[in-house]
Amino acid sequence: MASQALLAPPTTPPRPTAPDRVFFPSPMRDQVARRKSEPTIAGNFMAKYREIQRLQRIVSLHQSMPERRADKQALLAKISTIWDNAQKQLLISEQEAMKAVQEGFKKLGNPEITEIYLPGFDRSDDFVSRLIDCAKDTQAVLIAPLRVSDAGKKGPTLLVTYPSGDDLQSYVIKFTNASEIGASHIYEAFSGCLYDDPRFSAGFFVPEMSRIDLKSGLHETTAGEISELTPDQTQAFLNVLKTIAKPKDPEDTQLMCMDRIRGPNLFDAAYTQYPSFSQEQRKKFFERLGRLAMLDLILGHTDRLVGVLETGDGYALDDALEANLGNVLVVPDAGKPAFSLYAIDNGLDRTLINDETERAKYLEFLKALFAKDDPYTDLAENIITMFNSALSTQIDEFESSDHKSEKDDVVNVGTINAKLKDIRTDLKGLAKESLIKGLKGMAEWLRHVAVPKLWDSSVKAKALQGYLQETNPQMLEAIVERLKGVFA
């Protein structure tokens, strides 16, 4: 069981313990996890707070830069000189170093940048550390350090990448809700089990995450350690964060922090990686998508691979919808002819969790679907149709973008279409059989392994259930209903 480190007074009721990260530990999973960037944002609260402070600073600095590259480089060189001089004066005293900083920004004559750095600089708890951190900022803004994505109903999602010394800071911050947090734990648990099962050889991964509940002050690290922040700590974090972004939905009071997975989504992988896949790799690609699609279907994730539509009196597969190709990343294994799939944005449809009527209708849809002689062919054909539709839409959007008139981008559209020929051909051929194999394999695994041997009897599964019972009991009830109703 994950440990707790409660900072609140003893009279405070205990918070729920986070579930163990997977049902069974996996050396293979750990090996892949180590390939990712250093998880600076995923550590304890103070690490997050310092990182968010720095992100706020370098985003402000980047926004203050002139547009012309030569002008930007000249200004950054002057700022670097200020920090260099200050560090030399530090050999004498902190007072002399502070004087060098003040004189340097006065000479710079840029009030906007001066305002980023000088206020409170001399009152820093650790003057030397802040001086060293600020000296790295000029390197960090050589590229845009932050991209804000407003795609999807939740969010926004902050995509952060910037150089820091010899390292590359790369992570994701997302405003979300308790439903997505709980669902992410569920996907992570099933991900670990699949990777440990020798019959599958590989399943899919879920990015490691930590989180802060901005309403209750509950903080959870990737190691599953739970702590409670003081009101002052939570407010300080909010004060810095609100200068960068605000949630779309006021109810989204959870802040999810994850390592950024360096790999293309399904659309980009379809024309950059897929053409070089061997025949066997292509079969594995669709088989793994089939496994993930089956889990999505059962859990109620309706924004990835399977098209399910509410019909008024129930639910049905709908080929008129499109796959969300952005919710799966394809990461090549370094030095090997292999790849890993990462499932991202794993929030479940909240209507299928919180609305008892819709939840019951969805369960009846699942039961009716799996009562058929061959539900897997119907599902595979649905996935293929949705995948093809999504590819066409992405190309259409690219062609109609603001870059259409630029010669290079017009050529790129033709190049992309040519490179998509392989996957489009396979969507008419081997994809169906491979998807069916993955769908059926996951269903059989859920029926014979996951439900009776893991969900019902595993100590770590019980920990996950206990966590959901405390944080999102309706989600737990819905998941149990579907697992037992379809596979028991």
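General observations
- Relative contact order [Cα under 8 Å, 6+ residues apart], region 239-353, whole percent: 26
- A DSSP coil position with no more than 11 other Cβ atoms inside 10 Å describes the following trypsin sites (Lys or Arg not before Pro) in region 235-279: Lys242.
- Multiplying the residue separation of Ser276 and Gln87 by 0.36 nm and subtracting their alpha-carbon distance yields 63.0 nm.
- Remark: for residue pairs Lys106/Lys246; Lys284/Lys428; Lys284/Lys462; Lys215/Lys462; Lys215/Lys460; Lys284/Lys460, the C-alpha separation exceeds 25 Å in Lys106/Lys246; Lys284/Lys462; Lys215/Lys462; Lys215/Lys460; Lys284/Lys460.
- Burial ordering of Glu188, Glu481, fewest other beta-carbon atoms within 10 Å first: Glu481, Glu188
- Inter-label distance, nm, simple model (7 Å from Cα along the C-beta direction), Arg69/Asp422: 3.2
- By the beta-carbon count within 10 Å of each Cβ, the least crowded to most crowded order of Ile181, Ile383, fewest first, is Ile181, Ile383.
- The Cα atoms of region 37-121 cover 38, 37, 23 Å along the three principal axes, with the biggest extent listed first.
- Length-normalised contact order of region 266-487 in % [C-alpha pairs under 8 Å, at least 6 apart]: 30
Every read-out reported here was derived from the displayed coordinates using simple, explicitly stated rules and does not represent laboratory data. Everything numeric in this text was worked out from a predicted model, so none of it was measured. Note that each Cβ is placed from the backbone with ideal geometry, even for glycine, and that neighbours are counted across all protein chains shown.
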